[in-house]
1. State the dimensionless ratio Rg/Rh of the stretch 64-125 (Rg: radius of gyration of Cα atoms; Rh: Kirkwood radius).
2. Quick check for me: using +1 on Lys/Arg Cβ and -1 on Asp/Glu Cβ, what's the dipole size of the chain about its Cα centre, in debye to the nearest 20?
3. Sort out for me the Cα centre separation of the stretch 81-131 from the stretch 1-33, rounded to whole Å.
4. Which residue, chosen from 136, 49, 97, occupies the Cα position most advanced towards the positive end of the dipole of the chain, where the dipole is computed from +1 (Lys, Arg) and -1 (Asp, Glu) charges on Cβ about the Cα centre?
5. Please report, in whole Å³, the volume per residue of the convex hull around the C-alpha atoms of the chain.
6. Under 8 Å for C-alpha pairs, at least 6 residues apart: give me the relative contact order for the chain, rounded to a whole percent.
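Here, each number is a calculation from the coordinates, and none is a lab measurement. Remember, predicted model here, so these are calculated numbers, not experimental data. Glycine also receives a Cβ, built like all others from the backbone with ideal geometry; neighbour counts cover every protein chain displayed.
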Amino acid sequence: MLEQINELPKKAAKKHQENKKFFAKLKKKPPKNLDYIMQELHENEFEQTDCLQCANCCKTTGPLFTNIDIERIAKYFRLKPQQFIEKYLKVDEDHDYILKKVPCVFLSTNNYCSIYDVRPKACREFPHTDRKKFQQISDLTLKNVAICPAAYNIVEEMKRRIKSY
Ligand code: SF4
Ligand code: SF4
């Protein structure tokens, strides 16, 4: 898995133009059953990919934290939301709360998340490949294929499956 992760930015860069073209067409005319296709591709991929062997998202990007995330996680630590923010978060250029630094401070040994049950919504949903109307997050997906081996594989399979694009 480590080799696969190290190779990923290079592999994704090679596919970037092809992916960009594919998503541009997908956005214009998504297949009627796209939600169904994505659900199937996502489930197939995550039957084979074990996130505990990877954790590259936790190591390299980290999530954004919504106000609801902050309240929930602060409560878990018996902190006030403001105390949690001061201890762990900063504001990015889009005015979102993000981690002060990566790898994520909550990433524990053996790639376990130490706040798994209360983790941010963005962590639960990453890499968003089972999201409805997947064509709407193509810019994000173009970035995620360089971080997440599962997202990379799903997009490759997607291109094979939706051949007319
Ligand atoms: S979601 Fe993707 S990047 Fe994150 S641990 Fe799983 S395979 Fe790795
Ligand atoms: S909160 Fe947990 S799942 Fe989210 S980035 Fe940190 S370690 Fe990973």
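1. Ratio value, two decimals: 0.93.
2. Value, rounded to 20: 600 debye.
3. 25
4. Highest projection toward the positive end goes to 136.
5. Here the figure is 126 Å³ per residue.
6. Computed value for the chain: 38 percent relative contact order.
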